[in-house]
1. I need the calculated FRET efficiency for the pair Asp182 and Glu132, taking r as the beta carbon distance and R₀ as 35 Å, to the nearest 0.05.
2. How far, in nm, would the chain grow between Arg139 and Thr113 when pulled straight, counting 0.36 nm per residue and subtracting the alpha carbon separation?
3. Please work out how much length the chain gains when fully extended from Glu153 to Thr103, using 0.36 nm per residue of separation minus the C-alpha to C-alpha distance, in nm with one decimal.
4. Listed here are the pairs Lys92/Lys184; Lys92/Lys143; Lys92/Lys150; Lys162/Lys190; Lys143/Lys174; Lys80/Lys150; which of them are more than 21 Å apart at the Cα?
5. Quick check: net charge around Ser117, other residues with Cβ under 14 Å of its Cβ, Lys/Arg +1 and Asp/Glu -1?
6. Can you tell me which of 153-160, 127-134 comes out highest on packing, and rank the rest after it, using the mean Cβ neighbours within 10 Å?
Amino acid sequence: MRMNRLAVTAVAVVAGLSLSACGADDDTDTAAASSSPSATSAGTPTQSSSPEEGDSAGTAPEEGAADQGSTGQESGGTGKIERCHTDDLTIKASDATIGDDPTKAVAVELRNTSDRSCSIQGFAGVNLLSSEGAIPATRRDQKDDGTTLKAGEPTFFGIFYKGNDSGGSGVRIKGLVVTPPDEKKSVTLKWPGEPSLPITDSPETTVEIGPMGSIGQGG
């Protein structure tokens, strides 16, 4: 009987220990489960703040894009003034010979009649229309730094030639064709100079032109 009691007592002790171990596991699971909600609620502010940060970050690029757009509009042009086109100009020619100077001159005026400023530089194309055909003018060795013509402003260049003092009829001039620098469209004008040029066998040209701005109004 004593042995049986001891055996029952031992079984009871073992059973108690087993129940204690199971209870510890349950407590651990419970503690782990109870910690999950607190982890989730701790993440909630982070999630709610993310859109605010995203909105704030999104606003900055939009402002940057607007700034770039306005800069592009402010500098819309390249800052370079467009050249004067033939249709921007009113062109006319007048006699500019001074006294009995053996070298005769004609002043050609190019006036900017557009509503904008334009730049002009270099040499015009010039041909004298004669009874012997077109006489091309050659360029003088002069430099032109260019000029900007505001609306309504003119510039002038000169045509220089030898007068006909041979006593003969010479080469009769019937007109003048002028093409502004870098343009293809020409204008034909009445020739305002002497009615004829001398006939010559010299290879040297009888007509020369200066660059833009090489002569003033009236010579």
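1. 0.75
2. 6.7 nm
3. Full-extension gain reported as 15.2 nm.
4. Lys92/Lys143; Lys143/Lys174
5. +1
6. 153-160, 127-134
Any read-out appearing in this document is the output of simple, stated calculations on the displayed coordinates, not a laboratory observation. Everything numeric in this text was worked out from a predicted model, so none of it was measured. So basically every Cβ, Gly included, is an ideal-geometry build from the backbone, and we count neighbours across all protein chains shown.
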